[in-house]
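Novice: The following block contains the structure, expressed as structure tokens.
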Amino acid sequence: MADNSNSTVNQSNVDNEATVDQTGSLSGSDSLIDQTGANNSATVTQADDAAPGSVPPNNDSVIDQSGSDNTATVDQTSETPFLGTTNSSDIDQSGSSNTATVTQLDDGQLSEITQISDGNTATVSQGQSGLGDVTYENVSRITQSGGGGHTATVDQNGAENISDIIQEGADNRAFVQQQRDGGNESFILQTGNNNNARVNEQGAGPGTAFNTSNIFQSGDNNVGFVDQDGSGNSSDIDQLGNDNIARITDQNGDDNTSIILQTGDSNTARIDDQDGDGNTSTINQSGTEDFAQVNQTGDNDTSTINQSGFSGEVFVDQSGSTFNNSLVNQAGTDNFTSVSQNGDNNDSLVNQDGANSSVVVSQTGSGNDSDVDQLAAGSTVDVSQNGTGNVSDVDQLAAASNVMVTQDGDANTSTVLEISGASSVNVSQTGNTNTSAVGQLALGGTVDVIQNGDGNTSLVGQAVLGGDIDVTQTGNDNVSLVGQTGSNLTLTVDQDSTGAGAGNLALVGQNADGALFTLGGDSNIDIDQIGGGNIAAVGQLADQSNVRSNQQGNGNFSGVGQDAAGGFFGALFGENNDAQIDQIGDGNSSVIFQAGFLNEATVAQTGNGNSSLITQDGTSLDATVDATGNSNSSEIAQTGFTNSATLIVDGGNFNSSFITQSGDNNTALVTQMTDGNISNVMQSGSGNMATVTQ
């Protein structure tokens, strides 16, 4: 037994060794050992628990062994002298083959170890045992400086934790674990070489909002790892180059923030599961074997990833909602990005850069907005936004390109611009105030736009060699404006407003005009309008091409203009275009204009307000109008020679017909079956023939 103990040992050199025990040291202890160099070792053990009213140091120890083959061990047990007592230890071994171990158990612990290099190892463990005072005011600081074989471990087991480890350069390792209560904080700085650091803080205690961790490792074979379990979390890893991996996982709720910056080399970074509350996450990796992953399950999410190129990959998933926001900028080579934000004020921006690219964004519910710019090569972009404010904007400047945007419900808008490559665009908007604008300048492109119901509008522009456009609008205020230029083109518009009142309008222009030594043409336009206020206006500049307009029911009007493709072959071999209009029921009216030769125009009108005008200018032309029933009126005007005009009204009613042919060797045939017939045929030229049957 020792009361109010004290011990001092000084041994000036050679094979030193010292042991102090202070047996039980009830309400006493102090110790100082100072062994200036050589083959040191020192051990101190000081205990206590005379608890109530104990005053003293209740342990304190200082060991200073200035150099050589040091080892020092301190073990101080004080228990519940009710806060404000000592436990303290200070070991300073200034170089050589150091090891130091301190264990302090419950009360006012503090430990500082400084071993200014060589073989260093240091281990500190402070707190616990009987758990009467619940394991108190821990702090630990370890410094083991440059060129040493460092390792440091601190384990503090609860209450007012803080830990600093600084290990400047060489074989660093560090580990801190601070388990529950008080004001966790940790700071590790290991300036270079074979780093590795790991912190695990396990939640702030009652009435506080702590957790904070910083790791800086300035280069070489870094790893880093932080796990902070709940409350004021924040964390920061900064590794400035070389074989990085950094990982902050499971901050498990509350005011999370997490930042990883690894400026270059073989990066990986993950901030897994922050599990809700104030989340923010930032990863910057500035290039090489990048990979990054973030997952922040709900609440005030934000995520920023910038990785500047090489092997790419980014995933962000901010499930569980509220203010989501995500920004990814990736740059060059094997890129891939995926962002998925599930609910509330979503927003996402991805800028990617070239090579084997791909971007996938999916945002389910609420404020959605997405913006993707990809300067691609193997390219693909896929955006899907399900419900409420949707807007999407994709620019791709592509190569083998694909874009697909699907927006399912509410205020949809989509804009896609894709330039050059084998390309394809597909936009599908299901319901509510849809709008879509697609621009494609591509080699062999394809565009599909599907809009199901509500405010539909679609604007498509395509300049391609061998392109297809297909627009489908089902129900409500359809409008479609399509312009297409190139050769071997196909353009289809389907508008169905059956039972929806007004709707449909399609304005289509197609330019398949071949260049000087190419044969422009082999292009097709096909328009179907079923029900509603239909109007279709089509202009086609092409040869060997077709236009078909089909209108079933309600306001119909259809106008087609076809002119010859230019260029050497267009002039030499002719146009050979075909235009066909079918109108079934209601307000029908129809206009076709064709210029060139070997063209053919056909109009079929079944029932209601029919009227038809075909004007053809050229040679070897054929025009046919077939009207079945109701207020028919038809006119064909042809200028040129060896043309043929046929008017057939075979369902009766107010018929009227006019054929005007100017030129030679033309033929006109009119057949009108019953009701108000009138027929007028005018032919000027020679060798013409006209037949009228009423």
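Novice: If we keep just the residues of region 631-653 that are on the phi < 0 side of the Ramachandran plot and modelled with pLDDT under 90, which is surrounded by the fewest Cβ atoms within 10 Å (Cβ to Cβ)?
Specialist: Taking region 631-653 and keeping what is on the phi < 0 side of the Ramachandran plot, we get 631-639, 641, 643-651.
In the following step, the residues that additionally are modelled with pLDDT under 90 were identified as 631-634, 648-651.
Numbers: 631: 18, 632: 30, 633: 19, 634: 27, 648: 19, 649: 30, 650: 14, 651: 19.
Filtering first and then ranking leaves 650.
Novice: Let me ask another. Being of a type outside the set (Asp, Glu), surrounded by 24 or more Cβ atoms within 10 Å (Cβ to Cβ) and at pLDDT below 90: is that true of residue 54 here? Reasoning before the result, please.
Specialist: Details: of a type outside the set (Asp, Glu): yes; surrounded by 24 or more Cβ atoms within 10 Å (Cβ to Cβ): no; at pLDDT below 90: yes.
So residue 54 does not fit the description; no.
Novice: Here are some residues: 615, 628, 660. Which one is surrounded by fewer than 19 Cβ atoms within 10 Å (Cβ to Cβ) and either of a type in the set (A, V, I, L, M) or in contact with a Ser or Thr (Cβ under 7 Å, 6 or more places away or on another chain) (or both)? Explain how you work it out, then say what you get.
Specialist: Working: 615 fails: either of a type in the set (A, V, I, L, M) or in contact with a Ser or Thr (Cβ under 7 Å, 6 or more places away or on another chain) (or both); 660 fails: either of a type in the set (A, V, I, L, M) or in contact with a Ser or Thr (Cβ under 7 Å, 6 or more places away or on another chain) (or both).
Every option except 628 fails the conditions.
Novice: Could you count how many residues in region 168-181 are in a loop (DSSP other than H, G, I, E, B), crowded, with 24+ Cβ neighbours inside 10 Å and either on the phi > 0 side of the Ramachandran plot or free of Cβ contacts under 8 Å to residues at least 40 places away in the same chain (or both)? Reasoning before the result, please.
Specialist: Within region 168-181, the first condition is being in a loop (DSSP other than H, G, I, E, B), and the residues that meet it are 168-169, 171-174, 178-181.
Checking the rest, the ones that are also crowded, with 24+ Cβ neighbours inside 10 Å come to 172, 174, 178, 181.
Subset that is either on the phi > 0 side of the Ramachandran plot or free of Cβ contacts under 8 Å to residues at least 40 places away in the same chain (or both): 174, 181.
Of the residues in that region, 2 qualify.
Novice: Read through the list (1) under 30 Å from residue 377 (Cα atoms); (2) among the hydrophobic types (A, V, I, L, M, F, W, C); (3) crowded, with 24+ Cβ neighbours inside 10 Å; (4) more than 28 Å from the chain's Cα centre (by Cα), then give the number of the only condition that residue 506 fails.
Specialist: Condition not satisfied by residue 506: (1).
Novice: Then there's this: Report whether or not residue 301 is touching a residue at least 40 places away in the same chain (Cβ under 8 Å), over 23 Å from residue 411 (Cβ atoms) and over 11 Å from the mean Cα position of the chain (by Cα). Break it down stepwise before answering.
Specialist: Details: touching a residue at least 40 places away in the same chain (Cβ under 8 Å): yes; over 23 Å from residue 411 (Cβ atoms): no; over 11 Å from the mean Cα position of the chain (by Cα): yes.
For residue 301, the condition - touching a residue at least 40 places away in the same chain (Cβ under 8 Å), over 23 Å from residue 411 (Cβ atoms) and over 11 Å from the mean Cα position of the chain (by Cα) - is not met.
Novice: If residue 665 satisfies every condition in (1) assigned to a loop (DSSP other than H, G, I, E, B); (2) closer than 24 Å to residue 580 by Cβ; (3) modelled with pLDDT of 90 or more; (4) polar (S, T, N, Q) but one, which is the exception?
Specialist: Tallying (1) assigned to a loop (DSSP other than H, G, I, E, B); (2) closer than 24 Å to residue 580 by Cβ; (3) modelled with pLDDT of 90 or more; (4) polar (S, T, N, Q), residue 665 fails exactly one: (2).
Novice: Let me ask another. Taking the criterion of being at pLDDT 90 or above, of a type in the set (A, V, I, L, M) and within 22 Å of residue 281 (Cβ to Cβ), would at least one residue in region 426-438 satisfy it?
Specialist: Checked against the condition, which is being at pLDDT 90 or above, of a type in the set (A, V, I, L, M) and within 22 Å of residue 281 (Cβ to Cβ), region 426-438 yields no hits at all.
Novice: Does region 682-689 include one or more residues that are touching a strand residue (DSSP E or B) at 6+ places or on another chain (Cβ under 8 Å) and at pLDDT below 90?
Specialist: Just the residues of region 682-689 that are touching a strand residue (DSSP E or B) at 6+ places or on another chain (Cβ under 8 Å), to begin with: 682-685, 688-689.
Still in the list and also at pLDDT below 90: none.
Taking every residue of region 682-689 in turn, none turns out to be touching a strand residue (DSSP E or B) at 6+ places or on another chain (Cβ under 8 Å) and at pLDDT below 90.
Novice: Any residue that is farther than 23 Å from residue 153 by Cα and of a type in the set (Ser, Thr, Tyr) - is there at least one of those in region 238-254?
Specialist: no
Novice: Turning to a different aspect of this structure: Name the one entry in 673, 689 that is surrounded by fewer than 19 Cβ atoms within 10 Å (Cβ to Cβ) and either free of Cβ contacts under 8 Å to residues at least 24 places away in the same chain or basic (Lys, Arg) (or both).
Specialist: Values: 673 fails: either free of Cβ contacts under 8 Å to residues at least 24 places away in the same chain or basic (Lys, Arg) (or both).
Result of the check over 673, 689: 689.
Novice: Hey, could you check region 405-418 for residues that are farther than 17 Å from residue 479 by Cα and crowded, with 18+ Cβ neighbours inside 10 Å and say which is nearest to the chain's Cα centre (by Cα)? Spell out the reasoning first.
Specialist: Within region 405-418, the subset farther than 17 Å from residue 479 by Cα is 405-410, 416-418.
With the extra rule that they be crowded, with 18+ Cβ neighbours inside 10 Å, the set shrinks to 405-407, 409-410, 416-418.
Values: 405: 12, 406: 14, 407: 15, 409: 20, 410: 21, 416: 15, 417: 17, 418: 17 Å.
Of everything passing the filter in region 405-418, 405 is nearest to the chain's Cα centre (by Cα).
Novice: If I ask for residues that are at pLDDT 85 or above, touching a Gly at 6+ places or on another chain (Cβ under 8 Å) and hydroxyl-bearing (Ser, Thr, Tyr), which ones from region 160-208 would you list?
Specialist: Correct list: 191 only.
Novice: Name the residues in region 381-392 that are within 12 Å of the chain's Cα centre (by Cα) and surrounded by 20 or more Cβ atoms within 10 Å (Cβ to Cβ), would you? Spell out the reasoning first.
Specialist: Residues of region 381-392 that are within 12 Å of the chain's Cα centre (by Cα), as a first pass: 381-385, 392.
Correct list: 381, 383, 384, 385, 392.
Novice: A further question follows. Taking residue 401 as the residue in question, decide whether it is among the polar types (S, T, N, Q), surrounded by 19 or more Cβ atoms within 10 Å (Cβ to Cβ), more than 26 Å from residue 431 (Cα to Cα) and at pLDDT 90 or above. Reasoning before the result, please.
Specialist: Values: among the polar types (S, T, N, Q): yes; surrounded by 19 or more Cβ atoms within 10 Å (Cβ to Cβ): yes; more than 26 Å from residue 431 (Cα to Cα): yes; at pLDDT 90 or above: no.
So residue 401 fails the test.
Novice: To continue, here is another question. For residue 44, indicate whether it is at pLDDT 85 or above, more than 19 Å from residue 141 (Cα to Cα) and in a strand (DSSP E or B).
Specialist: Numbers: at pLDDT 85 or above: yes; more than 19 Å from residue 141 (Cα to Cα): yes; in a strand (DSSP E or B): yes.
Yes.
Novice: Filter region 140-155 down to residues that are surrounded by fewer than 20 Cβ atoms within 10 Å (Cβ to Cβ) and within 20 Å of residue 179 (Cβ to Cβ) and give me whichever is nearest to the chain's Cα centre (by Cα).
Specialist: The extreme case among them is 153.
Novice: In region 292-330, how many residues are small (Gly, Ala, Ser) and on the phi > 0 side of the Ramachandran plot?
Specialist: 5
Novice: Which of the residues that make up region 366-380 are in a strand (DSSP E or B) and either crowded, with 20+ Cβ neighbours inside 10 Å or of a type in the set (S, T, N, Q) (or both)? Show your work before the answer.
Specialist: Initially, region 366-380 is screened for residues in a strand (DSSP E or B), giving 370-373.
370, 372, listed by residue number.
Novice: I'm told residue 415 meets every condition in (1) of a type in the set (S, T, N, Q); (2) modelled with pLDDT under 90; (3) not in a loop (DSSP other than H, G, I, E, B) except one. Can you identify the failing condition by its number?
Specialist: (2)
Novice: Same structure, new question: Of all residues in region 613-633, how many are part of a strand (DSSP E or B), within 18 Å of residue 577 (Cβ to Cβ) and polar (S, T, N, Q)?
Specialist: Result for region 613-633: 4.
Novice: Going through region 314-358 one residue at a time, which ones are of a type in the set (S, T, N, Q), buried (at least 24 other Cβ atoms within 10 Å of the Cβ) and assigned to a strand (DSSP E or B)? Steps first, please.
Specialist: Residues of region 314-358 of a type in the set (S, T, N, Q): 318-319, 321-322, 324-326, 329-330, 333, 335, 337-338, 340-342, 345-346, 348, 351-352, 356-358.
Add one more test, that the residue is buried (at least 24 other Cβ atoms within 10 Å of the Cβ), and what stays is 318, 324, 326, 330, 335, 337, 341, 346, 348, 352, 357.
If the condition is that a residue be of a type in the set (S, T, N, Q), buried (at least 24 other Cβ atoms within 10 Å of the Cβ) and assigned to a strand (DSSP E or B), then 326, 337, 341, 348 are the ones that fit.
Novice: Starting from residues that are hydroxyl-bearing (Ser, Thr, Tyr) and crowded, with 21+ Cβ neighbours inside 10 Å, keep the ones in region 246-297 and report whichever is farthest from residue 197 (Cα to Cα). It would help to see each step written out before you state the result.
Specialist: To start, the set of residues in region 246-297 that are hydroxyl-bearing (Ser, Thr, Tyr) comprises 249, 257-258, 263, 266, 268, 280-282, 286, 288, 297.
Those still in the list that are crowded, with 21+ Cβ neighbours inside 10 Å too: 258, 281.
Details: 258: 16, 281: 20 Å.
Filtering region 246-297 for residues that are hydroxyl-bearing (Ser, Thr, Tyr) and crowded, with 21+ Cβ neighbours inside 10 Å, the one farthest from residue 197 (Cα to Cα) comes out as 281.
Novice: Give me the residue from region 601-610 that is under 29 Å from residue 665 (Cβ atoms) and among the small types (Gly, Ala, Ser) and, out of that set, surrounded by the fewest Cβ atoms within 10 Å (Cβ to Cβ). Let's see the steps before the verdict.
Specialist: Start the filter on region 601-610 by keeping residues that are under 29 Å from residue 665 (Cβ atoms), which leaves 601-605.
Of the ones still in play, those that are also among the small types (Gly, Ala, Ser) are 601, 604.
Working: 601: 28, 604: 19.
Top of the filtered list is 604.
Novice: Which ones in region 23-36 are in contact with a Ser or Thr (Cβ under 6 Å, 6 or more places away or on another chain) and more than 20 Å from residue 71 (Cα to Cα)?
Specialist: Within region 23-36, 25, 27, 28, 29 meet the criteria.
Novice: Report, by residue number, each residue of region 659-694 that is at negative phi and among the β-branched types (Val, Ile, Thr). First the steps, then the outcome.
Specialist: Start the filter on region 659-694 by keeping residues that are at negative phi, which leaves 659-662, 664, 666-673, 676-684, 686, 688-694.
Within region 659-694, 659, 660, 667, 670, 671, 678, 681, 691, 692, 693 meet the criteria.
Novice: Separate question: Inside region 582-597, can you point out the residues that are among the small types (Gly, Ala, Ser) and either within 49 Å of the chain's Cα centre (by Cα) or surrounded by fewer than 24 Cβ atoms within 10 Å (Cβ to Cβ) (or both)?
Specialist: To start, the set of residues in region 582-597 that are among the small types (Gly, Ala, Ser) comprises 585, 587, 589-590, 595-596.
If the condition is that a residue be among the small types (Gly, Ala, Ser) and either within 49 Å of the chain's Cα centre (by Cα) or surrounded by fewer than 24 Cβ atoms within 10 Å (Cβ to Cβ) (or both), then 585, 587, 589, 590, 595 are the ones that fit.
Novice: Could you list all residues from region 87-104 that are under 24 Å from residue 5 (Cα atoms) and either free of Cβ contacts under 8 Å to residues at least 24 places away in the same chain or buried (at least 24 other Cβ atoms within 10 Å of the Cβ) (or both)?
Specialist: Residues of region 87-104 under 24 Å from residue 5 (Cα atoms): 87-92, 100-104.
Listed by number, the residues that qualify are 87, 89, 91, 100, 102, 104.
Novice: Please verify whether residue 675 is over 21 Å from residue 550 (Cα atoms) and acidic (Asp, Glu), treating the condition exactly as stated. Quick ask: steps written out before the conclusion?
Specialist: Details: over 21 Å from residue 550 (Cα atoms): yes; acidic (Asp, Glu): yes.
In short, yes.
Novice: Moving on. Mind checking which pairs have a first residue in region 602-631 that is under 18 Å from residue 555 (Cβ atoms) and a second that is of a type in the set (Phe, Trp, Tyr), Cβ under 7 Å, 6 or more apart or different chains?
Specialist: 631/654
The values are calculated or read from the model by the stated rules, or taken from the named source; none is laboratory data. All of these numbers come straight from a predicted model, not from anything done at the bench. All Cβ positions, even for glycine, are placed from backbone atoms using ideal geometry, and neighbour counts span all protein chains on display.
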